[in-house]
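Take a look at the structure set out below.
The values are calculated or read from the model by the stated rules, or taken from the named source; none is laboratory data. Quick caveat, the model's predicted, so the values are computed rather than measured. In this analysis, Cβ positions are derived from the backbone assuming ideal geometry, glycine residues included, and neighbour counts consider all displayed protein chains.
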Amino acid sequence: MRILVVEDDPLLGDALNVGLRQRGFDVDWVQDGVAAELALRTEPFAAAVLDLGLPRLDGIDVLRRERARGSRTPVLVLTARDAIDARVRGLDSGADDYVVKPVDLDELAARLRALVRRSRGEPAAVLEIGPLRLDPASRSVVFRGQSVMLQAREFNLLQELMLNVGRVLSREQLAARLYAWGEEVESNAVEVHVHHLRRKLAPEVIRTVRGVGYVLPRDAPDES
């Protein structure tokens, strides 16, 4: 799950970058409002963590512009413990949630997962499609009653397909959601991950739509 972190404090930004990666997110980190606006307009993020006091362009202005152009990307704002006015302004400007500094990374990760679920119409914390069960919090997968060990990219790819069940995603869309800026991506990386998932689950779990991409169908394989 690809997340944008917008934080100008280098220590906090680095801590968020490292901490969220350790909790299974793919993170892009920018340090000013102009860079944040450009990133949000050009890249497919599942959610954004936005500090409000940013150089070049204030976080509130970034948020208002995004909502004005119709963006539905979930945004969680970072505020100081006593900055009640900032929280109110952030929520009124289109933020979906807020976290108070200093940030508890486990809480932040949980709130981000909840925001993404709600934005995609999936209220349950655990994703279940037929005999396939994925828990984003514990990063565990069960298929036909058996635990399945997945590599990080395999897990993230499966999660994206389950969050978009019944919808075909192109190789380009999947690669953009799985890899952050600056990461080296082999041309066949998505195909390799899909191959591994089919081998570990079942060949029919992920269907190829020739010339388009991949889909996890709503009629997932049954218990047979």
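Here are some notes:
- Boolean, Val148 is surrounded by fewer than 18 Cβ atoms within 10 Å (Cβ to Cβ), within 30 Å of Leu201 (Cβ to Cβ), touching a strand residue (DSSP E or B) at 6+ places or on another chain (Cβ under 7 Å) and in the same structural domain as Glu191 (by TED's automatic domain parsing): no
- Residue count, segment 5-42 (criterion: touching a strand residue (DSSP E or B) at 6+ places or on another chain (Cβ under 7 Å), touching a residue at least 60 places away in the same chain (Cβ under 8 Å) and closer than 19 Å to Tyr179 by Cα): 6
- Taking segment 96-111 as the range and being farther than 15 Å from Glu7 by Cα and outside any strand (DSSP E or B) as the test, the residues that pass are Asp96, Asp104, Asp106, Glu107, Ala109, Ala110, Arg111.
- Checking Asp97 against (1) within 20 Å of Arg23 (Cβ to Cβ); (2) exposed (fewer than 14 other Cβ atoms within 10 Å of the Cβ), the condition it does not meet: (2)
- Out of Ala68, Ala86, Ala46, one residue alone is in contact (Cβ under 8 Å) with a residue 24 or more places away in the chain, of a type in the set (Gly, Ala, Ser) and farther than 24 Å from Glu122 by Cβ. It is Ala86.
- Restricted to segment 166-224, and to residues there that are of a type in the set (Ser, Thr, Tyr) and assigned to a loop (DSSP other than H, G, I, E, B), the residue that is nearest to the chain's Cα centre (by Cα) is Tyr179.
- Residues of segment 131-145 classified as over 18 Å from Val27 (Cβ atoms) and buried (at least 16 other Cβ atoms within 10 Å of the Cβ), total: 6
- One residue from Val168, Val205, Val190 being surrounded by 13 or more Cβ atoms within 10 Å (Cβ to Cβ) and touching a strand residue (DSSP E or B) at 6+ places or on another chain (Cβ under 6 Å): Val168
- Residue identified as under 22 Å from Asn164 (Cα atoms) and touching a helix residue (DSSP H, G or I) at 6+ places or on another chain (Cβ under 7 Å) among Val126, Val75: Val75
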